[in-house]
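K.L.:
Have a look at this one before I ask anything.
Please treat every number below as a calculation from the coordinates, not as lab data. Computed from a prediction, not measured in an experiment: that's the story for all the values here. Please note: Cβ atoms are built from the backbone with ideal geometry, for glycine as well, and neighbour counts cover all protein chains shown.
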Amino acid sequence: MVIRVKIGGLEVAKSPEVLETLLGSCVALMLYDKGKKIGGMAHIMLPYTNDPNVKDPGKYANTAVPALITKMITLGARPNKLVAKIAGGAAMFKTSNTINVGKKNVEATKRELSKYKIRIVGEDVGGEGSRTVKFFLKDGRAVVIHKGKSKII
């Protein structure tokens, strides 16, 4: 079954589920425990929030990482076995005045992962245009479709 991760959302599941999302400047953060075949995906829209009671923790890099880890542990994942993949963070607007939210999202996601000592084993970030990401929990493959081309990370 395909589980769609909504904008600012996060989902966790076990094999054989597939997690999927569509991105622009947002970042898809995927965490995976290979031995248990448990994975999670967050659709990160913004780098940071100061709100300790945020209703959608998947929306911000600094709340998505711990929330995803916590939800995965409840399914049986082992925090010391988690690896990460990230995709997205595109520059969606071609103006020099615009803050590159995509780049900031990628940087914030990497910074948060390093706090939890989670290694990034695959990424497809930056550039321009949207991406579709499918994360297969059966084997940990992430298929990224960007500008009509498919890439496995």
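K.L.:
Hey, can you tell me all the residues within the stretch 28-62 that are surrounded by 16 or more Cβ atoms within 10 Å (Cβ to Cβ) and among the small types (Gly, Ala, Ser)?
P.N.:
Residues satisfying the conditions are 28, 39, 40, 42, 58, 61.
K.L.:
What is the number of the single condition among (1) touching a Ser or Thr at 6+ places or on another chain (Cβ under 8 Å); (2) surrounded by fewer than 14 Cβ atoms within 10 Å (Cβ to Cβ) that residue 65 does not meet?
P.N.:
(2)
K.L.:
Give the residues of the stretch 101-128 that are in contact (Cβ under 8 Å) with a residue 40 or more places away in the chain and out of contact with any Ser or Thr (no Cβ under 7 Å at 6 or more places or on another chain), sorted by residue number. Please lay out each step first, then the result.
P.N.:
Narrowing the stretch 101-128 to residues in contact (Cβ under 8 Å) with a residue 40 or more places away in the chain: 101-102, 104-109, 111-113, 115-116, 118, 125.
Selection gives 104, 106, 107, 108, 109, 111, 112, 113, 115, 116, 118, 125.
K.L.:
Listed residues 67, 42, 87; which is among the small types (Gly, Ala, Ser) and touching a Lys or Arg at 6+ places or on another chain (Cβ under 8 Å)?
P.N.:
Numbers: 67 fails: touching a Lys or Arg at 6+ places or on another chain (Cβ under 8 Å); 42 fails: touching a Lys or Arg at 6+ places or on another chain (Cβ under 8 Å).
When all the criteria are applied, what remains is 87.
K.L.:
Could you check the stretch 17-48 and list, in sequence order, the residues that are in contact with a strand residue (DSSP E or B) (Cβ under 8 Å, 6 or more places away or on another chain), over 18 Å from residue 108 (Cβ atoms) and not basic (Lys, Arg)? Write out each step before concluding.
P.N.:
Initial filter on the stretch 17-48 (in contact with a strand residue (DSSP E or B) (Cβ under 8 Å, 6 or more places away or on another chain)): 17-34, 36-48.
After this cut, where a residue has to be over 18 Å from residue 108 (Cβ atoms) as well, the list is 17-20, 22, 32-34, 36-39.
Listed by number, the residues that qualify are 17, 18, 19, 20, 22, 32, 33, 38, 39.
K.L.:
Now a separate question. Would you please name the residue that is farthest from residue 47 (Cα to Cα), looking only at residues in the stretch 102-153 that are in contact with a Gly (Cβ under 7 Å, 6 or more places away or on another chain) and aliphatic (A, V, I, L, M)?
P.N.:
Here the answer is 137.
K.L.:
So which of 77, 108, 91 ends up being touching a helix residue (DSSP H, G or I) at 6+ places or on another chain (Cβ under 7 Å) and buried (at least 19 other Cβ atoms within 10 Å of the Cβ)?
P.N.:
108
K.L.:
Restricting to the stretch 101-153, give me the number of residues that are in contact with a Leu (Cβ under 9 Å, 6 or more places away or on another chain) and charged (D, E, K, R).
P.N.:
Number of matching residues: 5.
K.L.:
Given 103, 85, 149, 138, which one is surrounded by fewer than 21 Cβ atoms within 10 Å (Cβ to Cβ) and closer than 16 Å to residue 34 by Cα?
P.N.:
138
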